[in-house]
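The values are calculated or read from the model by the stated rules, or taken from the named source; none is laboratory data. Since the model is a prediction, treat every value here as computed from it, not as a measurement. Note: ideal-geometry Cβ built from the backbone for every residue, glycine included; neighbour counts use all protein chains shown.
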Amino acid sequence: MTRINTLSENMKIAYISTYPPRECGIATFNQNLMRAIGSNFPERGNLLKGDFVVALTDSEDIHEYEYPEEVKYVIRQNHQKDYIRAANYINTSTADVCIMEHEFGIYGGESGIYILPLLNRLEKPLISILHTILKDPSYVQRVIIREIAEQSAKIIVMSHRALEFLTTIYDIPVEKVQIIEHGVPDLEAPEDNPIKNLTPFKNHRALLTFGLISRNKGLETVVRALPRIVKDHPDVMYVVLGNTHPGVIKNSGEEYRDHLKTLANQLGVSQNLAFINKFVAEEELIQYLSAAEIYVTPYLNEAQITSGTLSYAIGAGAAVVSTPYWHAT
């Protein structure tokens with residue numbers, strides 16, 4: 001594949017990713033990446049002129065989200081022809097290089113295999129950022145990662161374990177992989193924090209978990225621990241900040257959130273559990289993190305190789321209690 005030299009002031013980048021206002025951690029990550037690269041060239045503003053996004057939507061309606069102007073093309077996740085058309089759009093654009101955020105679930109087909117025809121037709125050099133690398137991939141998942149690597153000038157991962165997996169399980173040459181640790185926002189906690197006046201925080205010591213809610217987050221582990229915690233610390237409040245994952249909403253509605261409320265009620269700690277059902281921007285998130293006593297990531301699956309929420313919490317200076325998934329260890 002084409003080699004990529006150092007990013008220059010005149011280089012134009014096409015990004016393939018989910019993108020805000022879609023509520024998705026990878027969407028936020030990609031927007032932050034664009035701004036971070038743009039910050040190296042302040043005379044051109046936060047978003048470099050000529051850069052654009054090809055956004056993945058989970059809706060059948062390409063107008064479902066009111067995307068900002070940098071989104072020039074929208075791929076409907078489950079429409080194969082959209083991927084082919086997107087490749088043609090990128091190839092005929094003025095982009096010099098393409099950056100793709102990869103996680104199996106944001107692309108269509110089995111394990112997101114619909115992305116491959118796009119990559120196979122791409123005529124621009126490609127940098128791929130891998131957010132999920134499985135230790136025990138299916139045959140299809142292994143084929144997808146190997147094909148992405150084949151089509152990429154460089155693969156970016158965020159941990160040494162990810163590098164180890166790629167080289168030993170997926171047989172990808174080590175020289176093709178670059179480790180860049182997960183970044184965190186450069187934000188200062190406010191001296192006068194309005195979050196501390198919210199009911200779940202005022203006169204309480206808050207344990208906090210944030211992010212899109214689904215069963216693999218293991219929130220019931222903390223709920224089950226609350227009776228013993230509250231016995232010695234009755235002012236403790238477990239605050240769960242975030243919307244239910246859109247995929248979960250489609251398949252089972254708020255069943256998981258309702259289950260957690262029922263469990264708390266059965267354990268006699270319903271007054272010590274608070275849900276804040278909203279997706280917050282970074283500026284507000286830093287306020288929540290600085291208002292909490294302890295940040296908790298009780299994820300059940302050890303095979304989480306990166307966690308933006310954990311990175312944000314540590315970056316905000318929060319004390320963290322976590323299950324030993326890969327990024328935490």
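Couple of notes before you dig in:
- Residue in the range 88-103 that is of a type in the set (Gly, Ala, Ser) and touching a helix residue (DSSP H, G or I) at 6+ places or on another chain (Cβ under 6 Å) present: no
- Consider the range 66-80 and keep the residues that are assigned to a strand (DSSP E or B) and of a type outside the set (A, V, I, L, M, F, W, C). The one that is farthest from ASN91 (Cα to Cα) is ARG76.
- Qualifying residue in the range 242-259 (condition: modelled with pLDDT of 90 or more and aliphatic (A, V, I, L, M)): no
- Positions within the range 96-126 being closer than 16 Å to THR18 by Cα and touching a Lys or Arg at 6+ places or on another chain (Cβ under 6 Å), in sequence order: CYS98
- Given (1) in contact with a strand residue (DSSP E or B) (Cβ under 8 Å, 6 or more places away or on another chain); (2) under 22 Å from GLN31 (Cβ atoms), index of the condition LYS176 fails: (2)
- Test for HIS131: is it assigned by TED's automatic domain parsing to the domain that holds GLU60, within 25 Å of HIS245 (Cβ to Cβ) and in contact with a Leu (Cβ under 6 Å, 6 or more places away or on another chain): no
- The residues of the range 289-318 that are over 18 Å from VAL222 (Cα atoms) and buried (at least 23 other Cβ atoms within 10 Å of the Cβ), listed by number, are ALA291, THR306, TYR312.
- Selection from the range 141-162 of residues that are of a type outside the set (D, E, K, R) and modelled with pLDDT of 95 or more: GLN141, VAL143, ILE144, ILE145, ILE148, ALA149, GLN151, SER152, ALA153, ILE155, ILE156, VAL157
- The range 145-167, subset touching a Ser or Thr at 6+ places or on another chain (Cβ under 7 Å) and over 11 Å from SER128 (Cβ atoms), residue surrounded by the fewest Cβ atoms within 10 Å (Cβ to Cβ): SER159
- Conditions (1) modelled with pLDDT of 95 or more; (2) under 25 Å from GLU175 (Cα atoms): number failed by MET1: (1)
- Within the range 304-319, residues that are in contact (Cβ under 8 Å) with a residue 12 or more places away in the chain have Cβ atoms under 6 Å from residues that are crowded, with 18+ Cβ neighbours inside 10 Å and among the aliphatic types (A, V, I, L, M) in these pairs: ILE305/ILE133; ILE305/ALA162; THR306/MET158; ALA313/LEU289; ALA316/ILE286; ALA316/LEU289; ALA318/LEU289, counting only partners at least 6 apart in sequence or on another chain.
- Among strands (runs of 3 or more DSSP E) entirely within the range 125-231, having at least 1 residues that are closer than 20 Å to SER322 by Cα and among the basic types (Lys, Arg) singles out 205-210.
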